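Enquirer: Please find one structure pasted underneath; my questions will follow.
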Amino acid sequence: QAQLVESGGGLVQAGGSLRLSCTASGNIYAIETMGWYRQAPGKQRELVATITNSGRPEYADSVKDRFTISRDNAKSTMYLQMNSLKAEDTAVYYCKADLWTLATMSYSDYWGQGTQVTVSS
């Protein structure tokens, strides 16, 4: 079974930094686009950033120039470096990936379980 596991969340003061990781494992043949999403209490889940297999990133306007998405294809791992954190960045952060698995022999969306990021002001 394919799965995504996030790590790196925690509590940080405003202006601080955190680095999230998301690792894919299982019977995976290929990984296409990966991305980070977040959901704050009482709000809908929103896109934070995505990165293609070739490394092309895209960001939500709210995190541009503060967050950096990257990936290490050899490790099947994606990262999100978050700098200059603000209270409004507080949310559960989820990773998502388009995985080609041996079980389905097609691309499907997979989600991680989420990791809490809390920024105190």
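The values are calculated or read from the model by the stated rules, or taken from the named source; none is laboratory data. All figures in this text were calculated on a predicted structure; none of them were measured in a lab. Please note: Cβ atoms are built from the backbone with ideal geometry, for glycine as well, and neighbour counts cover all protein chains shown. SASA here: full protein model, heavy atoms, side chains in, ligands and nucleic acids out. Shrake-Rupley method; radii C 1.70, N 1.55, O 1.52, S 1.80 Å.
Enquirer: State which residue pairs qualify: first residue at pLDDT 95 or above and inside the stretch 59-78, second residue open to solvent by 20 Å² or more (accessible area, probe 1.4 Å) and not hydroxyl-bearing (S, T, Y) in any location, beta carbons under 6 Å apart, and separation of 6 or more residues or different chains.
Expert: That search, which allows pairs on different chains as well, returns A60/L47; R66/N83; T68/Q81; I69/P57; M78/R71.
Enquirer: Pick from T90, T118, T101: which is β-branched (V, I, T), touching a residue at least 24 places away in the same chain (Cβ under 8 Å), touching a strand residue (DSSP E or B) at 6+ places or on another chain (Cβ under 9 Å) and under 12 Å from I28 (Cβ atoms)?
Expert: T101
Enquirer: Let me ask another. Out of K64, K86, K75, report the one residue that is farther than 24 Å from L11 by Cα and surrounded by fewer than 18 Cβ atoms within 10 Å (Cβ to Cβ).
Expert: The unique qualifying residue is K75.
Enquirer: Across the stretch 10-30, which residue is farthest from Y107 (Cα to Cα) among those that are open to solvent by 30 Å² or more (accessible area, probe 1.4 Å) and without any contact (Cβ under 8 Å) to a residue 60 or more places away in the chain?
Expert: Only one residue fits best here, namely T23.
Enquirer: While we're here: With respect to T33, is the statement that it is in contact (Cβ under 8 Å) with a residue 60 or more places away in the chain, among the hydroxyl-bearing types (S, T, Y) and surrounded by 13 or more Cβ atoms within 10 Å (Cβ to Cβ) true?
Expert: yes
Enquirer: Across the stretch 89-107, which residue is surrounded by the most Cβ atoms within 10 Å (Cβ to Cβ) among those that are modelled with pLDDT of 95 or more and not in a strand (DSSP E or B)?
Expert: D89
Enquirer: What is the number of the single condition among (1) at negative phi; (2) in contact with a Phe, Trp or Tyr (Cβ under 7 Å, 6 or more places away or on another chain) that S108 does not meet?
Expert: Checking S108 against (1) at negative phi; (2) in contact with a Phe, Trp or Tyr (Cβ under 7 Å, 6 or more places away or on another chain), the one that fails is (2).
Enquirer: Let me ask another. Would you be able to tell me the number of residues in the stretch 36-47 that are without any contact (Cβ under 8 Å) to a residue 40 or more places away in the chain and small (G, A, S)?
Expert: Total meeting the criteria: 1.
Enquirer: Every residue in the stretch 36-61 that is open to solvent by 30 Å² or more (accessible area, probe 1.4 Å), farther than 16 Å from N83 by Cα and part of a loop (DSSP other than H, G, I, E, B), please.
Expert: Across the stretch 36-61, the qualifying residues are P41, G42, K43, Q44, R45, N53, S54, G55, R56.
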